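All remarks here apply to the structure that follows.
The values are calculated or read from the model by the stated rules, or taken from the named source; none is laboratory data. The structure displayed is predicted, hence computed values, not measured ones. Note that we place each Cβ from the backbone using ideal geometry, even for glycine, and neighbour counts take in every protein chain shown.
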Amino acid sequence: MADKRITIQATRYDPDKDERPRLQSYEIPFSDDSMVVLDALNYIKSEVDGSLSYRWSCRMGICGSCGMMVNGTPKLTCNAFLRDYWPRPVVVEPLNNFPVIRDLVIDMDDFMHKLKAIKPWIIRRQEIPLGAGEHRQTNEQIDDFRQFSQCINCMLCYAACPVYGLNNEFLGPAAIALARRYNLDSRDQGLKQRLPVIADNEGVWECSFVGECSVVCPKGVDPAKAIQQTKLETTMRFVLPYGNRD
Amino acid sequence: MTNEAQAAPREYRWRMPANWWTRNRHYFLYVVREFTVVPIALWLLWLLVEIKRAGDGPARYSPHGSAAFVVFSVITLVFALYHSYTFLSLAGVIIHFKVLDRPLPSRLIVLAQFALWAVASVVVGFVLIWFAR
Amino acid sequence: MELGPRDIISRAMMTEFEEGHGFEGPHGKYLHLDVRHLGEDVIDRKLPFMRELGREFVGIDIVKDPIPVRPVQHYMMGGIDADISGATPMAGLYAAGECANVGLNGANRLGSNSLPECLVFGAAAGRAAAEYASSAKPVTANPVDAILWDEARRVEVAYLEKKGGDERIGAIREEMQHEMDTGAGVFRTKEGLETLVERLGGLRQRFSRIKIEDSSRTFNTELTSAIELDFMLELSQTIALTALARDESRGAHARRDFPERNDEKYLKHSLVFHRDAGKPRLEYRDVRVGNFKPQARTY
């Protein structure tokens, strides 16, 4: 165990020097069975090559910042155990479908704009003053949207979505799942404000149901379901008399 | 801030490789599923042609019935069944019904839809056979 | 006991270890936290994230298995001196969240208090800062701009243009963590804190010889970890000095040599000033006691 080693191949890209990204190989000790890909990257950064760049923060699958391609699959690197890959080498690349800023760091601006566009907060027609008390909810009402609220904005679903890869205008899985989360919330009255974005050509109707978003989600969210449900719901609003109510 | 500080760093633009659909089993199945609509569309076009010809009157109408067309029709039927199956299974997952404030299990919705589908097929088959006599 | 504040729980756990109890694990000693009596329904309803963590990261199901636990550093109780609107003694500078000390926590942070820290005091600081910005007179030569460029230049010279060096950032950081855990961890003593102050001085010396391999101006995370380590060393020194000067035990500050709280001498905020390159200056400010008087925690 003490001298077990594993090869990590990580994408390197310095915009000032490199024309295109390339893979660099590091052989490091695989000293502990609980080591994850992020531990390997941290080992490389601290012991081998301080210039390797990547994002990470919480190490417990809640901040959503350490998403990368691990052997071609989008993963949270804090939750990708080396023991599942060893003795094969582990190829770590930046998330697919996004511009690369540097090494394993992608530009997430596009996602941030889309996230903001669906207004992921509770919208009330009439704000009530703080002193008037809280908006109460039963457990059953929470169950209506609970799984969609588990999204941590890690963007793995965008990296898995070939529709987004082919057309960056697509609103994308996480944004629509979060729109659904708020539209299903008994306290929310913002559906009408979100409709122009989610019911657009580049919204739910761009999705052709590959379903890979739901496969790669590390938090058990089912964005593919959210999108198909939204297709049905927006169609019903359009077709049914009085369907266009709030 | 000077212009130098504002100049955006050069980013590497990621592009989908042409063989993206071979990289993952789900992508491959998805592309296969998408392509099965081509024979279905061709078959439906042919059906329109047949209907047009049937409109010219029963005397001059003789439907196309070569062995190759029968094989093509059977393959198209398999594809159409596959699409119907995926559609109905999926619909069961996305449709929400509440009975007495409790969500109806999606399995029940899926089963109900398959039952409806079977009933509709029997009715259509019955009508076709009855009027063809 | 299981629902007691974290400082009391941490001390209880350390006491168990010292008395030879607990289990030996790859990351040190640990105890078992058992929530099995709650049952699957309650756990799924109230502790779903704990169950997920156990399943995903440790390979256990907390419905069926006990959870391995040990005390760790969790939170920075002190911070930038700020009032309840987030204003610091420096006009125009506001702080909120874990970096700020608005006086909400005192010598201990209670569970979930980071929520008011972010939401309540974050909103208050935002409002106060916006108000300040809209009422402040426009200045022709922006002094903040000048400070910004001075700082950018300092970083350039200190890190990016730095040649040579043989100390790894990661190695110093890890040693600092170890020293802080040993000297200023759950239990503290005069000797331990004195050793800590000395060792931190040594680490500060080594920090001046760090090696920076990355000279890129794009997403240079080695540079940010160097800057962070500089700050962490300063903060560690602050913690060690104030803990050494406080001959009492209060909240999470537990001195073995002074186990009692001493309100007469130390019902005070410790303020540390790093104005010059020399030794930091320690001052005290009285705590404003409102409706709730400090009392002994007896449970």
Matching residues in the range C:152-176 - criterion: being surrounded by 11 or more Cβ atoms within 10 Å (Cβ to Cβ), of a type outside the set (K, R) and over 15 Å from C:R217 (Cα atoms):
C:G165, C:E167, C:I169, C:G170, C:A171, C:I172, C:E174, C:E175, C:M176
Across the range A:88-136, what is the number of residues that are on the phi > 0 side of the Ramachandran plot and surrounded by fewer than 20 Cβ atoms within 10 Å (Cβ to Cβ)?
2
Give me the residue from the range A:6-21 that is closer than 27 Å to C:E167 by Cβ and under 27 Å from the mean Cα position of the chain (by Cα) and, out of that set, nearest to the other protein chains (Cβ to nearest Cβ).
A:D14
Do we find a residue being part of a helix (DSSP H, G or I) and over 25 Å from B:A132 (Cβ atoms) anywhere in the range B:41-52?
yes
Confirm whether A:P94 is of a type outside the set (F, W, Y), more than 26 Å from A:F111 (Cβ to Cβ) and touching a residue at least 40 places away in the same chain (Cβ under 8 Å).
no
Options C:G28, C:G86; residue that is surrounded by 13 or more Cβ atoms within 10 Å (Cβ to Cβ) and small (G, A, S):
C:G86
Here are C:I43, C:I67, C:I62, C:I80: which of them is on the phi < 0 side of the Ramachandran plot, buried (at least 16 other Cβ atoms within 10 Å of the Cβ), touching a Leu at 6+ places or on another chain (Cβ under 7 Å) and free of Cβ contacts under 8 Å to residues at least 40 places away in the same chain?
C:I67
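For every residue, the table says whether it meets (1) under 30 Å from A:Q229 (Cβ atoms); (2) at the interface with chain A (Cβ under 10 Å from one of its Cβ atoms).
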position	(1), (2)
B:Y12	no, yes
B:V38	yes, no
B:G65	no, no
B:F79	yes, no
B:Y82	yes, no
B:L111	yes, no
Picked from the range A:22-36 (must be in contact (Cβ under 8 Å) with a residue 40 or more places away in the chain and buried (at least 18 other Cβ atoms within 10 Å of the Cβ)), the residue nearest to the other protein chains (Cβ to nearest Cβ) is A:V36
Given the structure, is A:D185 part of a loop (DSSP other than H, G, I, E, B), at pLDDT 95 or above and out of contact with any helix residue (DSSP H, G or I) (no Cβ under 7 Å at 6 or more places or on another chain)?
yes
Residue check, A:R180 against (1) at pLDDT below 95; (2) among the basic types (K, R); (3) crowded, with 17+ Cβ neighbours inside 10 Å, all met but one. Which one?
(1)
In the range C:218-273, residue farthest from C:R204 (Cα to Cα) [restricted to those that are surrounded by fewer than 16 Cβ atoms within 10 Å (Cβ to Cβ), free of Cβ contacts under 8 Å to residues at least 12 places away in the same chain and of a type outside the set (A, V, I, L, M, F, W, C)]
C:E264
